Every structure is written in C-alpha cells, then in structure tokens.
1. Considering only protein heavy atoms and a 1.4 Å probe, what is the carbon-and-sulfur percentage of the accessible area of the protein assembly as shown?
2. How long are the semi-axes of the equivalent ellipsoid of the protein assembly as shown, taking √(5λ) for every eigenvalue λ of the Cα gyration tensor, in whole Å from largest down?
3. Between B:H365 and B:H495, what length in nm is gained on full extension when 0.36 nm per residue of separation is reduced by their alpha carbon distance?
4. With a cut-off of at most 13 other beta carbons within 10 Å, and DSSP calling the residue loop, which chymotrypsin sites (Phe, Trp or Tyr not before Pro) in the range A:409-459 qualify? Please list them.
5. Per residue, how large is the accessible surface of the range A:2-483? Use a 1.4 angstrom probe and give square angstrom.
6. Note the full-extension length gain between B:L219 and B:V61 as 0.36 nm times their separation in residues minus their Cα-Cα distance, in nm to one decimal.
7. Find, to one decimal place in angstroms, the Kirkwood hydrodynamic radius of the range A:2-483, where the mean of 1/r is taken over every pair of different Cα atoms and then inverted.
8. Run the quick spin-label model on A:Q359 and A:I136: label points 7 Å from Cα toward the beta carbon, then report their separation in nm to one decimal.
Amino acid sequence: MEFQASLALVAPELVLSLSGLALLLAAAWGGDKASRLISILAVAALVGAGFLAAPALCNGASGPDTLAFGGQVKVDAFAAFAKLLIYLAAAASLIVAPAFFERVKAMRAEYPVLVLFAAMGMGIMVSAADLVTLYIGLELNSLAAYVLAAFLRTDERSAEAGLKYFVLGALASGFLLYGMSLTYGFAGTTSFAGIHAALAGDMSKGALFGLVFVLSGLAFKISAAPFHMWTPDVYEGAPTPVTTFFASAPKVAAMALTMRVVVDAFGAQVQAWQQIVMIVALVSIVVGALGAIGQDNIKRLMAYSSINNVGFILIGLAAATQQGASAMLVYLAIYVAMTIGGFVAILMLKDANGEPVEQIAQIAGLSSHRKVLAVCLAMIMFSLAGIPPLFGFWGKFLVFQAAVQAGMVPLAAIGIAASVIGAFYYLKVVKVMYFDEPANVAVGKSDWAHQALLAICAIFISPLGYLLTGWLGGMADKAAAALYFVG
Amino acid sequence: MHPILLIVFLPLLAAIIGGLGNRGLGNTVVKSLTTGALFASCGLSWMTFIPFLAGTAEASVVPVLTWVHSGTLTFDWALRVDALTAIMLVVITTVSALVHLYSWGYMAEDPDQPRFFAYLSLFTFAMLMLVTANNLVQMFFGWEGVGLASYLLIGFWFKKPSANAAAIKAFVVNRVGDLGFMLGIFGTYLVFQTTSIPEILAAAPGMSGASMTFLGMHLQTMDVLCILLFIGAMGKSAQLGLHTWLPDAMEGPTPVSALIHAATMVTAGVFMVCRLSPMFEAAPVALAMVTFVGAATCFFAATIGTTQWDIKRVIAYSTCSQLGYMFFAAGVGAYGAAMFHLFTHAFFKALLFLGAGSVIHAMHHEQDMRYYGGLRKHIPLTFWAMMAGTLAITGVGIADVFGFAGFYSKDAILEVAWARGTELSHFAFWMGTIAALLTSFYSWRLVFLTFFGKPRWDQSEHIQHAVHDDHGHAAHGHDDHAHHDAHGDGTAGYHPHESPVSMLIPLGVLSIGAIFAGLVFAPPFLQSEEFWGGAIYYNEALLHAMHGVPVWVKLAATVVMLIGVTTAWFAYIKDTSIPGKFVAQFRMLHAFLYNKWYFDELYNFLFVKPAFWLGRQLWMRGDVGLIDRFGPNGAAWVVARGTLAAKRVQSGYLYSYALVMLVGLVAAITWVML
C-alpha cells in the first residue's frame, strides 16, 4: 500500500523514465530519421509529466504526506514548482534543437532521449529528501549533460566543452561526496530530517567541513563564483540548443536542490551557511559583471550573465527567510524566460549562409534589417539588466526586498550597485544593434518554432508580465511555504 | 473692473502675446500692440493719479489671487494703490509708453523688434507689480522680474560679447543686493510674523529699540532689518559699492537705458525705502547709513562723470549721482523730497537719455563725445530737447518765479539736509552741493562738446564707415584720406539727420515734463500731508524747518550751478586747451577719476579673481580631480581592471579552473573555521 502511494507520488519521474527508455528503443530502430518524431514525443512526455506534477503545486502539498519510499523522496509543492520550470525549459530546448542540428546534419535521435533523462534526474534532485537520492539525481542529470555538451562530437569546441565539463564536474562531485560522507559521519544519518535533528545543538567542526564541501559541490552546479570557471567555456563550446538547456533547467534544479539542502538538512545552523552564501552571491555578481564586459562572443556574455544572475538569486537565499525563498522562485521563473528568450534570439542570428552568428560585432545595426528580432533582443537585454518596466526588474526587486526585510541592507545596497556594472554590457549589446554602422552579417531566415518561442518569452518579460505577478507570486509562496513546512 | 488691474496686466498681456507671437505676428502688429497697451495703461495711470493730487482719492487694495496660505505664512497677490504707488504708476507708464514710441524709430533697423518690444512690456509689468505690492514677497517678485527684464534687455544684442558681459555683471551684482533684500524679508517675517506691508508698518514704531541676538551679538532689530533691506536697495539703485553694473549696462539699446537705467528700475530702491519709511524711522543706524551712502554716491559718481567721454556713460554716472541725492533725502527723513526728485528726475533723465539716443542715431552709432561737435545746427530739435534736460538737471531757476524741474527737487533736498541739523546731514549737504557743481560742469560739458564748437567727426570710425559706405554706393572711387582733405571742416562729408518723428514726440513730451514738472508738482509733493495720506512717513517739523534755513543755503545750489556752467564754458568753448593742461597738471587725479576710482579693478582683485580661482579649484581639483577621478572615472577604471583580471584568470586551461575551485573551497573552509 505504502509502495503504491510512493509510486503515485513519483509519477512524473516514472513517466519520464519509461518514455525515455521507450524512445531510446525507438531511436535504436528508427535511427536519426526518426529524430523529429522522437523530439515531439519527448516534448509530449515532458508535458505529461508536467500535468502529473502540477497538482502538488496547486494544492500546496507539504508535510508527511509528500514523503515517498520511506522518506527518500519529498514530492511537495516546492518540488513541483521547480519541476514545472525544469520541464518547460527542457521542452523549449527540445523545440529549438532540430532547426539547429539539421543544418549541420547532426540531428540525432539520442538528443531528446538524453534531455529526457536529464530532466528526470533533475526531477529527482529537487524532490530529494536524502543525501543519497540527491546524489543519484545529480549524477543522472550530469551524465546526460556531459554527453550533451559534446554532442557535436566532430566539432572541436563542443568536444572540448564536454571534456572540461566532465573533468570539473567530476571534481565537484568529489567535493560533494566528501562533504556528504563527513556529514554522515558526524550526523549518523543521510536523511535530511535526521541531519537537521542531529545538528540542532552545537555544530561540530567536522559537520561544518561537510557543509562547506556539500555547498561547494552544489555551487559548481549553479555555476556560482568561484566554482563558475567551466561556465563560459562550456556555454560557448556546446551547441547552442544545449547551452539553452544548460543555462535554464539545471540552474533551476541545482538552485532548488541547494535551497532544499540548506533549509531541510542544515536549517538548524543558518548562521553557518548564511555568510558563505552571502559572499558567494556577491562574488558571483561582481565576477559575472566584470567578466561579461570583456566578452565579444554573445554566448560567453550570456554565460557571465547567468553567473551574475545566480548571484542575485543567492541574495534571496542569504536572507534565509520564507519570503526570500519565494522571491528566489519568482526570480528563477523570470530568469528561465529571459535565458531561453536570449538563447533563442541568438539561435536566430544567422548569416546569409545560415551559419550561426555569435560575435557581438557582427550584429551591428541589426535593428535596420531585423527590426522585430532586434526589439526582442533589446527587451531581453534590458530585462536582464533589471530595468523597469520590464519583468526582469520584478525578480531583482523581490530578492532585494527580501534581503532588506531580513535586515541585510548593506548586502542589498552592494547588489544594487553591482547591477549598475551589469547594465553596461547589456546596454552595449543594445547600442551595437541600434547605433552602430550596420554590418549586415546576421541576415539569415529564422525557423518558425524559434519565432514562436521568442515571441512567448518576449511577451512574458514585457510589462505585460506584471499581470502575472499575483499568480506567479501565489505559486511561489505556496512552494516556499512547503519548503519551510514544519511538521 | 478696477482700473489698476488694467494698468498692471495690459503690459503683461501685450508682452505675452507679442513675445510668443513674435515673428508670426510681425513687427508692426507687435509694436502697435505693446505700444497701444502702454499708452492705455499710461492714460489710466494719470486718471488714477489726478484724484490723489486733488485730494479726493483714498488708498485702496485690490485683491487678485490667493497665493500662499501655509501655516502662519500667508500672502496673496494684491494691488495696492495709494499716493506713493500712484506717483510711481505715472512715472513708469509715462516713460515706458514714450520709450515704446521712441523705439519705433530707434530700433527701426533691428531684426528682432518683436522681442525687444515684448521685453520692454514685460519689464513694465514687473515694475508695476513691484510698486503695487501690498506684501514684501510680491515686491520681491517684481524686484526679481525687473532684474530679469534688465538682464534680457542689457544683453539684447546678445551677439555682442561686451553686451553679454554687461548683462551678466548687472545680474550678478544685483544678486548681492538681492541676497540682502531676501534676508531682510526673512528677518522681517521672523520679527513681525507677517509679510503684509501695512501690518509691518503699523507695528514698526513699537519695535523701535527692540534688540535681537545674532551669532552671539546683541543687535538692534530694526537696524538689522533695515540695513539688510537697504543693501537690496543699494544693488538695484546702483549705490556706492554696488554701482559698478550701471555704467556697463549702457551696452543695452539706448531706449532701455532711458526706461530702466534712468527713470524706473534704478529708482526701485528709493521707492522701497520710502514705502517702508516707518520701518526706517525706527532704525536710526540704518537711516544714518542711507544718508551716508547716498551722499557719498552723489559725490563719487559726479566726479567720475566729469571725465568720461562716452555720452551714455556720462549720463549713467549722472543717474547714479542723482540717485544718491534721493537716498540721502530719504536718510534725513524727507521722503517726500526723495520721491519728488525721483519724479522730476524720471522726466529729465529719460529726456537726456533719449536725446543722447537721438544724437547717437544721428551720428551713426558713434558715442564718443570727442568725435561730436557743432551738432546744434544739424539736429536742432534734439539740441533744444537736450537743453531742456540739461537746464532741468542742473537746477536752473529763480526762487518763487520759475525753475526747471531739478531746481525745485534738488534745492529742496539740499535745504532739508541742512535743516535736519545733524553732523551727518551737514556732511550730506556739502557733498550734495559739491555734486551740484560737478553736475552742472559735466552736464554743460556734454552739451558743449556735442552741440557747440567745430565738428570733429572725421576721427570717428563709425562716421568714416558711414561715409565710406555712402560713397561706395555712389562709386566715387577716391580714398578716404583724399576725401578728408577735400572737406577740411572736420565733417568728413557726413550729414547728420534729425531723428524721425516717432523719436521726436517723446523728446517733446519729456521736455515739457522737464520744464514744468517742478513748478506744478512741488506744492503737493513737498508741502501737503493730505496728498501723501499716510503713504510715507511725513515729518511735519522737518519740512517746516526747511523754510527757515539761512539764505546762503538756499542760494548755494544756484551759485555752484553757475560756477559749474562757467567753468565748462571756459574749458570747452572759450579755450579748449584748458582740459588738456588740467589733465597734464593733475595726471594722477584725472587717471583716478577717469578709471572710476578703480572700483572695477578693486573688485576684480578682491572678488572676481578669487571667485574664479575658487571655481577653478573646485572644478579642476574638486570635480575633475576628486569626484570624477574617484567617482565615475575611478569606478570605470576599477571595472576595466577587474575585467582584465577576470579575463586573465579565464585562461581556458582545466588545471587553472580546478585550482580556482580548490582555492575557493579552501577559502570557504578557512572562513568558517575562523
């Protein structure tokens, strides 16, 4: 009986794993010719999984009823919120892929399958209630991601990106595992709830070591400084649809996982991790901003932009309040839309031969021949910079508000000051598009799927997005309440 | 509708329509509109004034709009009409209307006529607001409004650097005075808890002797307030110390000099002191200061006037000097005499300026009297107008028979200064008497140099240009030099023409004023308490004592006037080598006077240079060196450096990436262990 209930709770993961296996078989039979069909089916599987995950969020599920498999997995509203974002992002990176890969005749049926497995792994990550579950989900996602990064295996940059990601990912996994074993050693359990109980009193040095190592491993996944070094190289080298995926879904998963770990497992020792998170947040903001300024490749620029944004999201975590968690989730939702929109726009930048355009100098004067695209990209840049009335401002506002209400005025002030530096490189892109002599490089036609996706993202981040603040905030509040549920 | 509303707001309406319509309406429309408005305003003003003369009018206040109601601070837009205001109304609107008319001719060739006429009307409105103010704040509004219009009109020819510099100088020097005026208003509100002039004046006598503590010093409240207010008056009325802007203001078109820098705006300070006379009567130290500054200015400006060559500058220093008379008259308590001199002075000084403008017009913009001479026969009407003005300003007349305007007002001031009987008032009397001598000298010097003697026009560049242009058109072909020889009479072949009728009518009207204003208006201004109706502080005893002064005091002004005219005649008609010899003999004295007592140089050294130095320091060291360097530029530098560092760390090598991660981990562990 209990086993059946557990299975019902992990229904989205079951759907994804079963359809992943089935599509893998189909891919083996159908070959690369079937890749479009498999992509469509994979998107359908993600949509289905999403429908199965949604009720938990709408009901605001929390407490003991959400625990499955003897407390290994926790399928509450918080997990559901993250999962929905992950599935959406994964589906988006599936939709944009065919047009990109088919041009270089590299569209393989494995791509949607790998994305599905990665999405399943991320689903497990965000519903983990135990260190072991955490690690399984993380590695499931990571292994798929390493392969995806090197997906264009004949392309040197792609192969290099895959290898770098793998080696550094392995190092990070090492940190994580070492930290987990230390924690287990001092807490005597791998269950988050158990660790929480064991660390309720004074924290031993060993457990503190464990915490730092675990956080370092997770910081690698969210590409927070100083564990961000892989990000620019991998984002640049990986095929753009894969980069779209990396920049969106795993960020959500890893961030949600980090929140889960620090609140559920180390929630009794807030002061132990709060300062680390704060410093990591500030370093990420500054490194992201400074790094982005020197870039002339727009994908690298987006990589630093993601580091910068992670810093802002971590400010919400540093607040260590339910309000902060809610703000982070709203920020994450907006961030996913901005990132996907940004990368879709980059995918649409092609020269006359259809070759992707990645150099910022090459989009000079884009506004003169691709007006709509230029407007969308400009909106995304303004939104990333957090300039009102675009939606990107709202996320930053909520995060800073949470920090201020938690009494962290200096942190918020420094963050706001640093976001000014960030505005420079975002606005530089706009300036190049609108005020520089037209280079007439990016003139290629765009795929309709790209156009549709960009339109959706652009509308979401436009001032119209503010119509959703009530709904989105309500959902985020439910999720945050589930995270902070004390039963 | 009360006529005062029309008097005040017609010029504003004309200014707004003319200024905004500008070229869209065209020269003639704007000129007709503004001039028409002013003549209407002028007619209504006389209709307001005459009942006061007849003693049938009562002082009244016409509310316009509520303005500020904030806590205990309350003041409204309202127009006060009493004898004092009525005098100013006729002075302002009459001179302004005539100046508008005069400008039709004088500015006929200017490309920006609508702007000029709109500014003139705007000025008139501001000046009317000043004199009708029922509270100090509205007075300040008018005060600043005339300052603005003065700035705009001095710099009317804004392409001329010297005009711009003069406009800025006038504005900045007036700011110094205005600061005093503002502090005075603030202080008055602080002490009286109101800005309403009638309430303040009613309460002022009771405050006599009250003291206040400021920066640890015990000060007489009324003295402090009145001195601050008087500093404002000094700025606006170009009194010694804050006078430097007035001569430079002559860069503006001559009608502007006549209207603003002779007849109206510069007398605002005198008006203010008279309006607030009950306050000043309660402040003996401030009154002494008014007397001293007035007497000193009166003398000082007259000395400079004797040496200047520019016809407008001579009249400008003369204005400065005459304002000094008005102030020391007020200082000794004869506010009626001060207002009377203001009234007569407005006519004859506007006349002199407009006459000078007519001469300049005839002489093709030449303003240097060294290049005039013998103009009497060429422009006879202008000559006779200037004669009327000169007779008026020098105070020609025989007691109880007839005198020109200045005779009545200036003699009254000198007599009352003696009659007051204090040491300071005697000082003022002597200063005023010497100044009367100098006035007579420089006024006649002006007339003799301009209208008598032989033409000296051939040395003037302006005239040469004019002649050259004429002959260029006529295609004669011989050069200038040969041309001069051909004539040999100093005229360079130039033929001055009398000004057009639009310029001559104002000269005629003002000449009548200069001749008869004294005779007609002396009785009410000087001897009728009923006429004033409490508008100013009326010192019955003092005016009584005025009639009892010794005969020699009564004759003093006439005697020195005769000495002045005789000296001028000897020096500039009889033997024209005398001035040269005098200058050679008293080189130092002449240089001192010719360079205006070195006030500009002194201020340049004391204020302008240090201000520039300070500004430069704040700019180069403070703004560029400190704020920019450590602010925006510094931040940009740090960011650029940081970007370079971030690029260098991002080497692309796996091992360095791994190292950074390990360093980060170690740093984090070290942090939590500490």
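The values are calculated or read from the model by the stated rules, or taken from the named source; none is laboratory data. Computed from a predicted structure; not experimentally measured. Cβ coordinates were reconstructed from backbone atoms using ideal geometry, including for glycine residues, and neighbour counts include every protein chain displayed. Heavy atoms of the whole protein, side chains included, go into the accessibility calculation; ligands, DNA and RNA do not. Shrake-Rupley method; radii C 1.70, N 1.55, O 1.52, S 1.80 Å.
1. Values: 30570 of 44360 Å².
The computed percentage sits at 69.
2. Details: eigenvalues 1681, 240, 135 Å².
The three semi-axes for the protein assembly as shown are 92, 35, 26 Å.
3. Working: separation 130, 0.36 × 130 = 46.80 nm, distance 1.37 nm.
Residue separation times 0.36 nm, minus the Cα-Cα distance, leaves 45.4 nm.
4. Details: sites: A:F424, A:Y425, A:Y426, A:Y434, A:F435, A:W448; in loops: none.
Here no chymotrypsin sites (Phe, Trp or Tyr not before Pro) fit, given the DSSP loop and packing criteria.
5. Working: 16280 Å² over 482 residues.
Per-residue value: 34 Å².
6. Details: separation 158, 0.36 × 158 = 56.88 nm, distance 3.43 nm.
Gain in length upon complete extension: 53.4 nm.
7. Details: mean 1/r = 0.0450 Å⁻¹.
In the range A:2-483 this quantity evaluates to 22.2 Å.
8. 5.0
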